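Please read the structure below before turning to the comments.
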Amino acid sequence: MRNTCSKLDDVSRRNFLESLAKTAWGVSILPLSESLFTSSAQAASTLQAAQKAEHVVYLFMNGAMSHIDTFDPKPGEESGGETKAIQTSVSGLKIGEHLPKLAAKMDQLTIIRSMTTETGAHEQGQYLMRTSYKMIGSIRHPFMGAWLTHFEGKKNKDLPGSVLVGTGNRHPAQGYLSAAVAPAPVGNPATGLQNTKSPKYLDEKNFEKRRRLISQFESNFKKKYTNTEVAAYSDYYSEAVRLLKTPDLEAFDISKEEASVKEAYGANRIGQGCLLARRLIEKGVRFVEIEQGGWDNHNDIYDTFGERAGQLDTAIATLMDDLKQRGLLSKTLIVLGTEFGRTPKINQNAGRDHHPGCFSTMIAGAGIAGGRIIGKTDKIGKSVEDGHCYPQDLNATIAYGLGLPIEKEIFSPSGRPFKVAHEGTPLKSLFG
C-alpha cells in the first residue's frame, strides 16, 4: 500500500489519504498539507511597521457595497442617487449620510477611495480580496488570518488564532497552510460555537476512554503513513479537544454581556458579530472576520440600504469605542472591505450593478493616522483618477501593520512560491 500511495500525484494522494482517514477516524475531511518550506535565500522582510498591531477585525461586506452611497458620495451628480453627503469631524471631508457615527469619527479613520480590480464576479472577487491571488482550480490560497497565525503564532494557546463569523462555505480559510492555523467558523454570533457540550451520557471519564481507543486505532495508520497531512489532522483534533475544555471558551458566548452592551452594538448580525469580535480579541484571538451580506443591490437599492448601512455604522463606531475603553484599539486594526463597487448609473430596476472599476474601503485602529482620504475617483465615481489601490495593496498594508514578512517567499506543497500579499505594495503613509 505504501508503494501505491507514493505513485499518486498530489491531488490524488490527498484524496486517497482522505478515504483512508474516513475509515480510520470516521471523518469527512482531511486538511491540506503542511508541507511548507521557507527559501533559505529569502531574508526576513525589511518592511516593518513602526507600531505593530496584534489583532485584526476584518468586516467583509458580501455582495459589493456601493461606494457612492457610503464613503465616496457624489452630491449634485446624477450618479449620486438619493444619498446625500454629510460633513465629517474633519474639515472638508464628507461621506454618505447613512454613516453619521463614522462621520463623527473621521479623525480616527482612513478611507481608501481608489480601490480597483479587474474582477466583477462575486466569488472570484471575494477570493481575491481575501487572499491577494486569483482563484484557480489547482490550489487554494490562505487568507490573512491564517498567515498571521502561521507567522506570529497564537496569543492564547487554547483558542483558535482566527475566527470567521457568518462567512460562507467557500471561504479560502487556511488554504495550503497547516490545519493548525485553520480558522474556527461561527455561523451565528448570537449562538456562538455549536456542539461544544458533551451529551449527558458521556462524562469526562468515558470521553477520555474513547480518546485513548481512537489513539490506539490511529497509531498503526500514523506509523504507516508518516506525512504532514495525517499529522496535521491529529493536531487539529487535539486543538479542538483543548478548546472544548478551556474556560476561555465562554468568549464565544455573547449572552454573558449586559443587555445594554448588546443593545449598543445593535440587535443584528453585524452588531452582534462585532461584539463577539471584541470578546474574542480580549481573550487573545488574533484575527476575526465578520461578514455582512445583502449588498448586492441590483434592485430597489434604497429600500434597504439605509437600514443596512446604519447597522454597519453603529457596529463599527461601538466597536471602536469599546476597544478604546479596554485599551485594545491601539493594538487592533479594523478593516472594512468588499469585493468591488457598484455602477454610478442607477439601472432600470432602481438598483446599481457590478462595477470593479473603483470602490472604497476603510481602515482604523493600531497605528493608523486618521482623518485621511487616500486616492480619488472621477466626478461620477466611475473610475480611479489618482492613487490606484489593488486588493493586493490593501492586504500588503494590513500585513505591514501586523509586522508580517511581506517579501518572504513561502512554498506550497506543490513547490510554488507565494507571498503573504502576492506583489502588493503597502500604503505605509497610512501609519502615523
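Just a few scattered comments:
- Here Gly120 meets the list (1) farther than 28 Å from Val285 by Cβ; (2) out of contact with any Asp or Glu (no Cβ under 6 Å at 6 or more places or on another chain); (3) assigned to a strand (DSSP E or B) almost entirely, failing just condition (3).
- Of Ala103, Ala146, all but one fail to be of a type in the set (A, V, I, L, M) and closer than 21 Å to Gly375 by Cα; the exception is Ala103.
- Residues of the range 286-294 include at least one that is assigned to a loop (DSSP other than H, G, I, E, B) and under 30 Å from Asn347 (Cβ atoms).
- Check on Ala267, aliphatic (A, V, I, L, M), assigned by TED's automatic domain parsing to the domain that holds Pro183 and part of a loop (DSSP other than H, G, I, E, B): yes
- Filtered residue count, the range 87-138, keeping only those that are surrounded by fewer than 20 Cβ atoms within 10 Å (Cβ to Cβ) and over 21 Å from Gly432 (Cβ atoms): 17
- From Ala364, Ala396, Ala421, residue being of a type in the set (A, V, I, L, M, F, W, C) and in a helix (DSSP H, G or I): Ala396
- Residue match in the range 370-377 (condition: among the aliphatic types (A, V, I, L, M), surrounded by fewer than 22 Cβ atoms within 10 Å (Cβ to Cβ) and either in the same structural domain as Pro247 (by TED's automatic domain parsing) or not in a strand (DSSP E or B) (or both)): no
- Ala309 closer than 29 Å to Gly401 by Cβ, among the aliphatic types (A, V, I, L, M) and in contact with a Lys or Arg (Cβ under 8 Å, 6 or more places away or on another chain): no
- Yes/no for Gly294 being surrounded by fewer than 18 Cβ atoms within 10 Å (Cβ to Cβ), in contact with a Lys or Arg (Cβ under 6 Å, 6 or more places away or on another chain) and assigned by TED's automatic domain parsing to the domain that holds Ala366: yes
- Cross-chain or 6+ apart pairs with Cβ under 6 Å, the range 132-146 first and on the phi > 0 side of the Ramachandran plot, then among the hydrophobic types (A, V, I, L, M, F, W, C): Ser132/Ala421
- Residue check for Gly424: more than 20 Å from Glu54 (Cα to Cα), assigned by TED's automatic domain parsing to the domain that holds Thr70 and surrounded by 19 or more Cβ atoms within 10 Å (Cβ to Cβ): yes
- Scan of the range 187-211 for residues that are modelled with pLDDT of 90 or more and either touching a helix residue (DSSP H, G or I) at 6+ places or on another chain (Cβ under 7 Å) or surrounded by fewer than 12 Cβ atoms within 10 Å (Cβ to Cβ) (or both), ordered by number: Pro189, Ala190
- Residue in the range 349-360 that is crowded, with 22+ Cβ neighbours inside 10 Å, in contact with a helix residue (DSSP H, G or I) (Cβ under 8 Å, 6 or more places away or on another chain), under 21 Å from Leu102 (Cα atoms) and not aliphatic (A, V, I, L, M) present: no
- Asp248 being surrounded by 15 or more Cβ atoms within 10 Å (Cβ to Cβ), assigned to a helix (DSSP H, G or I), modelled with pLDDT under 95 and touching an Asp or Glu at 6+ places or on another chain (Cβ under 6 Å): yes
- For the range 162-181, the set of residues classified as of a type in the set (A, V, I, L, M, F, W, C) and either surrounded by fewer than 21 Cβ atoms within 10 Å (Cβ to Cβ) or assigned to a helix (DSSP H, G or I) (or both) consists of Ala179, Ala180, Val181, listed by residue number.
- Condition check for Gly310: small (Gly, Ala, Ser), more than 14 Å from His67 (Cβ to Cβ) and out of contact with any Ser or Thr (no Cβ under 6 Å at 6 or more places or on another chain): yes
- Within the range 249-299, considering residues that are of a type in the set (D, E, K, R) and without any contact (Cβ under 8 Å) to a residue 40 or more places away in the chain, the one farthest from Asn169 (Cα to Cα): Glu258
The values are calculated or read from the model by the stated rules, or taken from the named source; none is laboratory data. From a predicted model like this one, the values you see are computed outputs, not experimental measurements. In this analysis, Cβ positions are derived from the backbone assuming ideal geometry, glycine residues included, and neighbour counts consider all displayed protein chains.
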